[in-house]
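Before any comments, here is the structure.
The values are calculated or read from the model by the stated rules, or taken from the named source; none is laboratory data. Nothing here was measured: the structure is a model prediction, and the numbers come from that model. Quick reminder, even Gly has a Cβ in these numbers, built from the backbone with ideal geometry, and neighbours come from all protein chains shown.
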């Protein structure tokens, strides 16, 4: 009798385990068939097949059907992950708390953004004083049923009576500008279209803005011949006055600002780094622009005008940036003077408020704020030093106070009110999120890259984790375009940290963390440094016991998507999962779409030289997939209205992956509808994407996810 009972017990356990295994087992993935065409391009005598060129036509029915089929396979896979719905419910509970930006004063009003918790888009409010009732000014949630209309830019008139505001639809970079009377709440008849990457710079009863001609292909056509216009409130766009153009260079685009209500300053750009710099005195009639800088070798940004001098932030002769003074009546370079010289820290922003220059630096990728007088004399540090990111300090030169925000990987946004004369900060508003940051820790570690360069990395996790290589770890990187990854709070990442996950953010070369030299060390023929840095970061995390290669995921977006694609091609065995998001995956043709040519300063192009072509071809993600090697599980994400890095990059890359013999792990693509490169994405889409990414990672690592 005991033998029978024992046998039954063993059999029951086997059945139970088998049942559990079957419940969590996901059916093998069968990819949609992707046709091939016989397109071949020739680069310096080398034939390069492009069998998926047809996927570049984002308007074709054939491409639409392919996307539909791919999404169906991806959603079927994701829907079988047992805890996915629980994760979504929990993440919504985490995110459902009020979020607010630091207020800034314009005229007699204070303006700020607020999200009550789960609103798809944040709402712009104002107060007539800090103690007054809140007034809703612009609520983009009322402009669409699905939250896909976002505010992308605002500009408030000098008298404080009007606001020009730009909206974007479905995540596109294209903007439409409207005008609203702040006092009456009336939206005027003004409607400006084909605007892109533009500010709204007020002067008198109108504003300057930039636009392109109407494109033949709205989402992927090349954007050329940008011009600067002046729009008078209450008039039709066709009557706008041309303020500036350069017919000799169709690749230039322009942005403008009005400094001290008098000087029109314009910047011309032909890439993501370096700009020319012209100005005109608007108080004088019929005068022409003064060309202060006509080349594109350095960056220039006018902070303000003080006593007949432009105060300018620049990296001219200063890789870590400095502040200079340029006399307006004689702006020749020989007359420039250093106001705040360069230092060993990277100067990232300057504000002129209350007769002070408030200067934000980064030191090892976190913020340090210093205060100077208008003559450049150092007065002291901000009275609030943190290992995090400090931002804000908006206002006018005669204001007596301003506001700023402090955040880190484990600290939600905290807003401070700053008395300029007293150099004194007081708490203004603290986050109400239900998250105990005391349970977590962020450390900064330095590791050696392949060539011995020391690279910093922020590592965040629960306190007391075991360094036995068992922790699921998410490595995030970017490494390009002078962009610095400084500490910032993400409510969605809590879903990762709570489950024992480690978050590692590496400050790779190509970024701006250590100035111009650090940036340039990850560009063009030195781009491999970025990939080597990322690989070294992964090896460091494994060697130090944070994780192992079967518990390590790599994530990055845009240029970071390129990073992920290139790194897993070179070292696929290092990772269990890879998440390339809206990535630049075809390095031979990226410059042929929308504003892709701007990126050539970082990448070079396949047409520059034989050497540059061969360098790009070697690491281009869709061209360098290593067949017969076992790849990690891969979830590619993109969106149908991404007109910055067009979705064809991800489409072609996904097709190439699925067609290669690279193991039996899933290689899926998730194509979001009515969304773009990332900016302005509705909160519900953000939550759904985060849930899909984290559940995909956890599941493919074999991590058991539990909720109370």
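Scan segment 176-205 for residues that are out of contact with any helix residue (DSSP H, G or I) (no Cβ under 8 Å at 6 or more places or on another chain) and more than 27 Å from residue 127 (Cβ to Cβ) and report the count.
7
Residue 359: without any contact (Cβ under 8 Å) to a residue 60 or more places away in the chain and closer than 23 Å to residue 306 by Cβ, yes or no?
yes
For segment 77-149, please list each of the strands (runs of 3 or more DSSP E) lying entirely inside it that holds at least 1 residues being surrounded by fewer than 18 Cβ atoms within 10 Å (Cβ to Cβ).
Because the criterion is at least 1 residues that are surrounded by fewer than 18 Cβ atoms within 10 Å (Cβ to Cβ), the strands (runs of 3 or more DSSP E) in segment 77-149 that meet it are 109-115, 123-127, 135-138.
Do we find that residue 310 is touching a strand residue (DSSP E or B) at 6+ places or on another chain (Cβ under 9 Å), assigned to a strand (DSSP E or B), within 18 Å of residue 242 (Cα to Cα) and in contact (Cβ under 8 Å) with a residue 12 or more places away in the chain in this structure?
No.
Is one or more of the residues making up segment 334-353 touching a residue at least 60 places away in the same chain (Cβ under 8 Å), buried (at least 19 other Cβ atoms within 10 Å of the Cβ), touching a helix residue (DSSP H, G or I) at 6+ places or on another chain (Cβ under 9 Å) and not in a strand (DSSP E or B)?
No, there is no match, as no residue in segment 334-353 is touching a residue at least 60 places away in the same chain (Cβ under 8 Å), buried (at least 19 other Cβ atoms within 10 Å of the Cβ), touching a helix residue (DSSP H, G or I) at 6+ places or on another chain (Cβ under 9 Å) and not in a strand (DSSP E or B).
I need the full set of residues from segment 411-426 which are farther than 18 Å from residue 368 by Cα and either in contact with a strand residue (DSSP E or B) (Cβ under 7 Å, 6 or more places away or on another chain) or surrounded by 18 or more Cβ atoms within 10 Å (Cβ to Cβ) (or both), in order please.
412
Is it the case that residue 166 is in contact (Cβ under 8 Å) with a residue 24 or more places away in the chain, within 30 Å of residue 57 (Cα to Cα) and touching a strand residue (DSSP E or B) at 6+ places or on another chain (Cβ under 6 Å)?
Criteria met by residue 166.
Looking at segment 574-583, can you tell me whether even one residue there is more than 30 Å from residue 706 (Cβ to Cβ) and touching a residue at least 60 places away in the same chain (Cβ under 8 Å)?
Taking every residue of segment 574-583 in turn, at least one turns out to be more than 30 Å from residue 706 (Cβ to Cβ) and touching a residue at least 60 places away in the same chain (Cβ under 8 Å).
Taking only segment 282-307 into account, find how many residues are surrounded by 14 or more Cβ atoms within 10 Å (Cβ to Cβ), outside any loop (DSSP other than H, G, I, E, B) and more than 29 Å from the chain's Cα centre (by Cα).
Looking only at that region, the number is 4.
Looking at (1) at pLDDT 95 or above; (2) within 30 Å of residue 116 (Cβ to Cβ); (3) assigned by TED's automatic domain parsing to the domain that holds residue 691, find the lone condition where residue 495 falls short.
Residue 495 satisfies all of (1) at pLDDT 95 or above; (2) within 30 Å of residue 116 (Cβ to Cβ); (3) assigned by TED's automatic domain parsing to the domain that holds residue 691 except (1).
Please count how many residues of segment 652-682 are in contact with a strand residue (DSSP E or B) (Cβ under 8 Å, 6 or more places away or on another chain), surrounded by fewer than 20 Cβ atoms within 10 Å (Cβ to Cβ) and either outside the structural domain of residue 557 (by TED's automatic domain parsing) or over 22 Å from residue 66 (Cβ atoms) (or both).
2
Does residue 397 fit the bill of being touching a residue at least 60 places away in the same chain (Cβ under 8 Å), within 30 Å of residue 500 (Cβ to Cβ), touching a strand residue (DSSP E or B) at 6+ places or on another chain (Cβ under 8 Å) and not in a strand (DSSP E or B)?
No.
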